[in-house]
Amino acid sequence: MQEGAGHSAAPPSSSADRLRVLDVKPLRSLKPIFPPSNQAPPLVCASPHGPFPANYASFYPFYIPPLPPEPEPPEHPEMPPTWAAAAPTPIRSFTTPGSSDATEMENGDKEPLRAGRKRASPVRASGSSQKRGTKTSFVRTAGTFEIPMSSFDSETGNREMTNYVLTTFDGLRRRLSQWEDAKEAPGGIIRRADLKASNLLMTQGLRTNSKKRVGPVPGVEIGDIFFFRMEMCLVGLHTQSMSGIDYMMVRGEIEEEPIALSVVSSGYYDDDAEDKDILIYSGQGGAMSKPGKQASDQKLEKGNLALERSMHRANEVRVIRGIPDAVNPNSKVYVYDGMYIIQQSWMEKVKTGANTFKYKLVRIPGQPDAFGVWKMIQRWKEDLNSRSGLIIPDLTSGSENVAVSLVNEVDDEKGPSHFTYLSTLKYSRPFSVLHSSYECSCSNACKPGNLNCSCIRKNGGDFPYTANGVLVNRRPLVYECSPSCPCSPNCKNRVSQGGPKLRLEVFKTTNRGWGLRCCDPIRAGTFICEYAGEVIDKDRMKWKADEREIDEYIFDTSRVYAQFKWNYEAGLLDDENSSASSEEYGIPSPLYISAKEFGNVSRFMNHSCYPNVFWQPVTYGTSNESYLHIAFYAKKHIPPMTELTCDYGVVPEDSIGSAYRKRKCICGSLNCHGYFGL
DNA sequence: GGTCCTTCAAGGTT
DNA sequence: CAACCTTGAAGGAC
């Protein structure tokens with residue numbers, strides 16, 4: 001199966017005085033802004049006039065006229081529909097009366113934050129002319145969002161909204177982290193980009209499932225992973241920023257009583273979380289809640305009382321398992337493990353001598369494995385032989401730093417057809433000399449914010465990666481440090497070099513040949529692998545087309561790729577003259593890579609019209625020339641053992657490769673294009 | 001609707 | 001690396 005490529009150029013983003021905004025303490029000014037895209041007519045939306053529940057500000061970022069054909073519910077949980085699928089025609093502007101032309105700043109904005117705001121900002125809030133808390137209108141524009149705008153309901157969500165909220169959150173979070181890394185945040189240091197980002201979204205009402213509920217949360221699926229507590233708050237899975245027990249008041253037999261909605265188990269208390277179907281959860285308060293203070297007995301109140309009541313009512317409780325992140329030892333991964341029932345409760349004297357409540361939660365049978373998958377992978381790690389369907393422990397034969405296993409749990413095929421494993425690109429002859437090579441003069445690792453570093457300057461002054469190696473933004477071209485740069489090999493600007501660092505696995509799918517997946521949880525923006533193979537030139541491409549040679553392993557940057565938005569595009573965050581950070585790729589000339597004879601794990605990645613991986617051109621040099629590479633990054637958080645897929649693109653009719661037939665797509669997503677290019 | 005308080009964070013430092 | 005320290009914001013309680 002194949003892959004494809006994109007094209008087109010864009011100016012590098014600039015980075016001048018954009019940070020002044022961070023001076024403003026409440027940061028209310030940093031509201032998300034979605035500049036109109038040149039791809040689609042801007043969508044102007046306005047909030048209806050309520051009434052709204054008391055606890056949230058009205059906010060309708062998007063409005064779409066009612067759609068005649070209601071899409072079928074997705075069969076594949078990972079494949080939400082997009083608005084594009086549901087609304088093939090351009091979306092027209094829509095504005096509700098009364099909110100059309102607000103020009104005032106929002107209350108609380110003391111001054112214009114930046115000169116370009118008036119011009120650049122398509123977003124205006126007209127809060128000041130109305131009584132707070134009654135009506136607040138927002139006008140928004142949105143460009144080419146993959147994220148659906150068929151509905152925005154902050155009370156009740158769906159898969160589209162969760163994806164939208166999480167993508168926005170993480171894009172903003174990465175951007176704030178980038179500034180923090182570069183020490184570019186004046187006055188206000190952003191120590192906690194996660195909190196800052198979520199605070200901004202919360203303030204804007206950009207959240208979903210804000211209404212508390214017992215049971216499943218629309219748009220959140222069992223097995224979904226999160227890297228911050230705030231992510232779970234924003235999508236309504238667990239709305240406590242720190243507390244482990246989320247609950248709500250309901251009418252009881254006599255009076256109102258609390259019932260538990262969800263719990264997060266992350267090892268702070270002495271929980272027993274070894275069994276994949278059973279969780280012994282400790283109550284809150286008392287013993288450990290006040291470090292340094294004398295431990296005290298827990299009381300039957302708040303969350304503890306809620307768990308107790310929920311046990312008697314036998315209502316289901318969502319369980320989120322917090323697990324140390326092997327990739328980032330400092331942080332945790334939260335796995336949504338589905339519904340549990342509280343079977344038992346008791347009081348126990350713990351080591352500190354304090355009485356602690358304990359609750360035995362048992363997983364409701366019949367749910368897909370989530371935490372169970374993690375436990376399974378852990379077992380494989382301890383004993384590779386316990387892995388069923390294992391054919392080869394390392395199909396790269398040591399070519400990569402991390403072994404890539406080959407498994408087939410589906411049938412008895414023993415492996416894909418022959419190819420030679422090659423861990424990087426092979427330029428058979430001089431090709432794609434982008435420009436003269438560049439190199440920095442940094443003595444140690446290149447430091448974000450150091451504009452003396454010419455590699456950083458190449459990236460418009462931005463360090464492309466956060467401190468933990470996550471790509472901040474998609475951009476025309478990522479300039480990494482070259483082997484010839486004097487900076488140390490562990491310089492953070494070499495993320496895509498040196499091959500995969502995650503435990504990838506080539507496996508047999510049920511209906512589309514071999515595929516690629518990963519045993520590790522993957523954070524959005526993480527580098528996964530590059531597309532290795534032989535670089536071929538235009539003549540060779542033409543020859544292949546003329547000869548009708550079927551090469552399913554071509555990567556072609558000149559194909560047309562589905563547009564999507566990944567960066568946090570806040571006009572406020574960037575210099576007014578930069579069109580924010582462009583997600584259009586800029587490559588001087590098309591690059592064709594064939595992985596038919598020589599290739600790495602990337603050649604096994606299948607196509608999806610709703611992929612979880614995207615490609616990004618990256619360049620770095622060898623001796624005195626710079627070469628282009630195609631690197632794959634995670635588009636969103638990807639749970640372990642989820643198939644990795646990317647967009648193969650479509651071959652334009654007039655291109656060299658158009659002699660190839662189109663291939664029927666079986667990705668199963670609602671917005672499936674029906675075919676992809678080959 | 002404030003204001004105080006609690007809270008199974010997240011990072012950093014030692 | 002575990003223990004400790006610092007900063008931090010949501011939501012509940014009153």
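The values are calculated or read from the model by the stated rules, or taken from the named source; none is laboratory data. Not measured: the values here are computed from a predicted model. Glycine gets a Cβ as well: all are built from the backbone with ideal geometry, and neighbour counts include every protein chain shown. Heads up: the accessible areas ignore ligands, DNA and RNA and are worked out on the full protein's heavy atoms, side chains in. Shrake-Rupley method; radii C 1.70, N 1.55, O 1.52, S 1.80 Å.
When DSSP assigns beta bridges and you keep just the ones with both residues in the stretch A:297-442, what percent turn out antiparallel, to the nearest 5? Display every interim value, and only then the final one.
Details: 18 of 18 bridges.
Antiparallel bridges: around 100 percent, rounded to the nearest 5.
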If you count, for each residue, the other Cβ atoms within 10 Å and average over each peptide, how do A:255-262, A:325-332 line up from highest to lowest?
-> A:255-262, A:325-332
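Output the relative contact order of the stretch A:484-550, whole-number percent, from Cα pairs under 8 angstrom with separation of 6+ residues. Write out the running numbers ahead of the final one.
Numbers: 39 pairs, mean separation 17.3, N = 67.
Dividing the mean separation by the residue count of the stretch A:484-550 yields 26 percent.
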Whole-Å distance, taken between Cα centres, linking the stretch A:235-270 and the stretch A:444-476 = 41 Å
Rounded to a whole %, the carbon-and-sulfur portion of the accessible area of the stretch A:582-624 at a 1.4 Å probe is 53 percent
Label-point separation (nm) for A:Thr510 and A:Glu382, each offset 7 Å from Cα along Cα-to-Cβ?
-> 3.0 nm
Taking the alpha-carbon set of the stretch A:225-367, what are its Rg and Dmax in Å?
-> 14.9, 50
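Using a 1.4 Å probe and counting only protein heavy atoms, arrange A:Val560, A:Val506 so the residue with the most accessible area comes first. Could the numbers behind the result be given before it?
Values: A:Val560 75, A:Val506 0 Å².
Order by accessible area, largest first: A:Val560, A:Val506.
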Of A:Lys358/A:Lys636; A:Lys212/A:Lys358; A:Lys492/A:Lys636, pairs whose Cα-Cα distance is over 31 Å = A:Lys358/A:Lys636
Run the quick spin-label model on A:Asp411 and A:Glu597: label points 7 Å from Cα toward the beta carbon, then report their separation in nm to one decimal.
-> 2.9 nm
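Given an 8 Å cut-off on Cα distances and at least 6 residues of separation, report the relative contact order of the stretch A:225-367 as a percent. The partial results should precede the final answer.
Values: 287 pairs, mean separation 35.3, N = 143.
RCO, the stretch A:225-367: 25 percent.
Given R₀ = 41 Å, what would the calculated FRET efficiency be for A:Ser589 paired with A:Ala403, taking r from the Cβ atoms and rounding to 0.05?
Numbers: r = 36 Å, r/R0 = 0.88.
After rounding, the FRET efficiency stands at 0.70.
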Reduced to Cα centres, the span from the stretch A:588-618 to the stretch A:330-396 in Å works out to 35 Å
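How large a share of the accessible area of the stretch A:225-367, in percent, is made up of carbon and sulfur atoms when the probe is 1.4 Å and the other protein chains stay in place?
Values: 3460 of 6780 Å².
On the stretch A:225-367, the fraction of accessible area on carbon and sulfur atoms equals 51 percent.
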